[in-house]
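Heads up, the thing below is written out as structure tokens.
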Amino acid sequence: MNANSTNSGTTTADTLPSPGDAAQLRHVLGHVPTSVTIVTALSRGLPIGVTVGSFSSVSLDPPLVNFFIDRSSTTWPRLNESSTFTVNVLGMDHAHLCRSFSRRGADRFEGVDWQPSPSGNPVLSEAIAALDCSRYKVDIIGDHIQVVGRVESMQLQNAGLPLVFYRGDFLRLGCGPESSRQAGEA
Ligand SMILES: Cc1cc2nc3c(=O)[nH]c(=O)nc-3n(C[C@H](O)[C@H](O)[C@H](O)COP(=O)(O)O)c2cc1C
């Protein structure tokens, strides 16, 4: 395939956008698959949570993770009041949680089963894993805020394939990890 060939609707090499064009940058970056997590905390005793796809690990020693939250987020001011937060990792059957925790003006916890983490934050019962974090560092980066947490405790509570967000939609994973397939475990 040459540089100008198309491949299932992707942008051709000769029409690559300028990095300053936000819509085009979002379009290109949409080709990078992300995990889907719900970051939760307590705000004045009430559970709060927001869908976050920018979660990643940062360091093993000390154990650090991070995510990026939009400066216009209405959840952030309340999240920012808490010295702890919990990252809930969603599985492939949890698209409904991804949607409801990214919707404004609704009770995001309605019908959602959760238990308190060691620091008291919501651990969603359906989540694959939960990492309970203390706030380590917060920085403004461009139009986002980088939130770095130190992992204080963690739990793996459900087996299953992860929810993956890709090109504005959920990617249905079918086969499981490559090594399991080779071993005939898929
Ligand atoms: C798959 C997915 C991933 C998202 N990742 C992020 C993220 O990493 N950071 C962020 O600020 N918003 C992210 N959002 C958008 C927020 O969830 C949404 O804008 C937010 O919940 C709006 O409500 P708020 O004002 O309460 O923050 C994501 C949304 C979806 C559907």
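The values are calculated or read from the model by the stated rules, or taken from the named source; none is laboratory data. As the structure is a computational prediction, the values presented were derived from the model and not from experiment. Just the protein is used for accessible areas: all its heavy atoms, side chains included, with ligands, DNA and RNA removed. Shrake-Rupley method; radii C 1.70, N 1.55, O 1.52, S 1.80 Å.
Structure notes:
- Summed over the residues of the range 45-114 and divided among them, the accessible surface reaches 52 Å² per residue at a probe radius of 1.4 Å.
- Fully extended contour minus Cα-Cα distance, from SER125 to ALA95, at 0.36 nm per residue: 9.4 nm
- Residue-normalised accessible area of the range 117-173, given per residue in Å² at a 1.4 Å probe: 54
- Carbon and sulfur %, accessible surface of the chain computed with the full protein complex present, 1.4 Å: 53
- Inverting the pair-averaged 1/r between distinct Cα atoms of the range 35-182 gives 15.7 Å as its Kirkwood hydrodynamic radius.
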